[in-house]
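Peer 1: One structure, pasted below without further comment.
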Amino acid sequence: MGSIAEPWGISESENANATPKGLSRELRHGKTAHNMSSSSLRKKSDLRLIQKVPCKPLKNVLSNLQEVILGTKLTVLFLAIPLAVIANSYHYGRPLIFGLSLIGLTPLAERVSFLTEQLAFYTGPTVGGLLNATCGNATELIIAILALAHNKVAVVKYSLLGSILSNLLLVLGSSLFCGGIANIRREQRFDRKQADVNFFLLLMGLLCHLLPLLLTYAAAGEASTSMINKMSLSLSRTSSIVMLIAYIAYLIFQLWTHRQLFEAQEDEDDAYDDEVKVEETPVIGFWSGFAWLAGMTLVIALLSEYVVATIEDASDTWGLSVSFISIILLPIVGNAAEHAGAIIFAFKNKLDISLGVALGSATQISLFVVPLSVVVAWILGIKMDLNFNILETSCLALAIIITAFTLQDGTSHYMKGLVLMLCYIIIAACFFVDQIPQPKGTSVGIQPKNSAGGGSFSS
């Protein structure tokens, strides 16, 4: 019975005996850039008072609450979660519900990363890496699925596009800029091998977005609209399956055959800093970590439901287009914890981790979340294609190309980061002034900008 109860609540004093000798180093090498980025926002828990509690089950529960809820510098943002539930229950302003839900999603995303890392201590680095790859962008995936359930295809496309643009331009740009300012007297260098792999995959994803768009324009005037949309939908579904296959190959490449490319930064320094060292051994047990992960996923689903249901009301009240809220506000607020971690590591001249966060997340969304959304829509009987229209696809293409040129020489300075951030501001301004309403009644193809009710996407 003792061996069963122990994983539910492991105190810090028991950590030394929780895992076999030498295992922590192996697991440390199984960490991803996402884990390391999130670890910069964690704080060491003081369990001295909890250790004085005589009742062991109560002590374990309090220890878990201390580690999971209070073990982050974003603890105060958890207050937004009950406030969002109360606001929804008492039918307060829907824009208020939207704002509180967005804020509540920020600490949850960071805690999911923490919990997947804790589970990796028990499952091993490979399974832990797979778990992190699945849960790394859980917020975007859940919002996409719930938006599809509401038949809001436009919100799905906008939010996923915004996540890719945010990672490539805002997160990477701010990381390079802050790192360059903090290390202005020395040249910052990073390993290009990992970046090259990510850009190859991002360009393949871009091809899958371009072809349905080009097919639509090529067939214009030579085929009916319904026929064009049918061809675009068939091509998109086929491309989505290919993209998912490419993502599986990417996981095999990253976690098995060429793991050293994605962990090379750890070989240069045996220990990063105090924030990373504290995670050398598990602080909670396997089953408690699994329960916390399941519970937080449910809370993310609840808040994502609020976000999807109230986004149009927030758009009307705040005078902002749905495209601007979905492409700009959702990614910035929803991934604020991960973004802050990337910037912190750039300050410490650890650009490999910052690049791993930004490029890895963009690749995961492009090759996993986007095609999976198309497949889920297919299963639900919803017609969602990969045609993101010319404006949105052009922004995506230019973001990938600009970022690739920025990182081509393996060195960095603050000017590169500044240019990336300015590009993001220009794109944000474009969607801020875009007030063209979205067309209703179709989920594939494009609508001419000058048509009645025309817009970029359909909902």
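Peer 1: Could you sort out which of Lys73/Lys350; Lys152/Lys193; Lys350/Lys416; Lys193/Lys416 sit more than 27 Å apart by Cα distance in this structure?
Peer 2: Working: Lys73/Lys350 21 Å; Lys152/Lys193 38 Å; Lys350/Lys416 16 Å; Lys193/Lys416 19 Å.
Result: Lys152/Lys193 exceed 27 Å.
Peer 1: Which order do peptides 213-222, 414-423 fall in by mean Cβ count within 10 Å, highest first?
Peer 2: Working: 213-222: 14.2, 414-423: 18.6.
The densest-packed peptide leads the list: 414-423, 213-222.
Peer 1: Quick one: Karplus J couplings for region 343-351, per residue in order, coefficients 6.51, -1.76, 1.60, θ = phi - 60°, nearest Hz, x for Gly and Pro?
Peer 2: 5, 4, 5, 5, 4, 8, 6, 10, 5
Peer 1: Among 291-297, 350-356, how do they line up by average Cβ neighbours within 10 Å per residue, starting with the highest?
Peer 2: In decreasing order of mean packing, 291-297, 350-356 become 350-356, 291-297.
Peer 1: Over the residues of region 277-351, compute the C-alpha Rg and express it relative to 2.2 N^0.38 Å.
Peer 2: So region 277-351 has a normalised radius of gyration of 1.54.
Peer 1: Obtain the nm distance between the two label points defined at Ala223 and Leu418 by a simple spin-label model: each point lies 7 Å from its Cα along the Cα-to-C-beta direction.
Peer 2: Taking the two extended label points, one gets 4.9 nm.
Peer 1: Determine the sum of side-chain charges near Ala404: Lys and Arg each +1, Asp and Glu each -1, restricted to other residues whose C-beta is under 15 angstrom from that of Ala404.
Peer 2: Charge balance near Ala404 sits at +1.
Peer 1: If ligands, DNA and RNA are left out, what is the accessible area of Ile248 with a 1.4 Å probe, given in Å² to the nearest 10?
Peer 2: 100 Å²
Peer 1: While we're looking at this one, here's another question. Could you sort the peptides 358-370, 200-212 by per-residue average Cβ neighbour count (10 Å cutoff), highest mean leading?
Peer 2: 358-370, 200-212
Peer 1: Let me ask another. Checking a compactness column here: for region 392-437, what do you get for Rg(Cα) / (2.2 N^0.38 Å), N being the number of residues?
Peer 2: Compactness ratio reported: 1.34.
Peer 1: Give, in nm to one decimal, the length gained when the segment between Ala397 and Ala429 is fully stretched (0.36 nm per residue of separation minus the Cα-Cα distance).
Peer 2: Here the segment from Ala397 to Ala429 would lengthen by 9.8 nm.
Peer 1: With every protein chain kept in place and ligands, DNA and RNA left out, what is the accessible area per residue of region 55-212? Probe 1.4 Å, answer in Å².
Peer 2: With the other protein chains kept in place, region 55-212 gives 36 Å² per residue.
Peer 1: Using amide H atoms built in the peptide plane, which far-off residues or other-chain residues are under 5 Å from Gln188 H to H?
Peer 2: Correct list: Ser412.
Peer 1: Oh, and also: Can you list residues from other chains, or at least 5 along the same chain, whose modelled amide H is less than 5 Å from the amide H of Thr72?
Peer 2: Lys43
Peer 1: For region 334-430, with all protein chains present and a 1.4 Å probe, just round the carbon and sulfur fraction of the accessible area to a whole percent.
Peer 2: 78 percent
Peer 1: Using the crude model of +1 on Lys and Arg Cβ and -1 on Asp and Glu Cβ, and no other charge, please compute the dipole size for region 126-217 relative to its Cα centre, in debye to 20.
Peer 2: Using Cβ point charges on Lys, Arg, Asp and Glu, region 126-217 gives about 180 debye.
The values are calculated or read from the model by the stated rules, or taken from the named source; none is laboratory data. This structure is a prediction, so every number in the text was calculated from the model and none was measured. Cβ: placed from backbone, ideal geometry, glycine included. Neighbour counts: every protein chain shown. Accessible surface areas use protein heavy atoms only, side chains included; no ligands, DNA or RNA. Shrake-Rupley method; radii C 1.70, N 1.55, O 1.52, S 1.80 Å.
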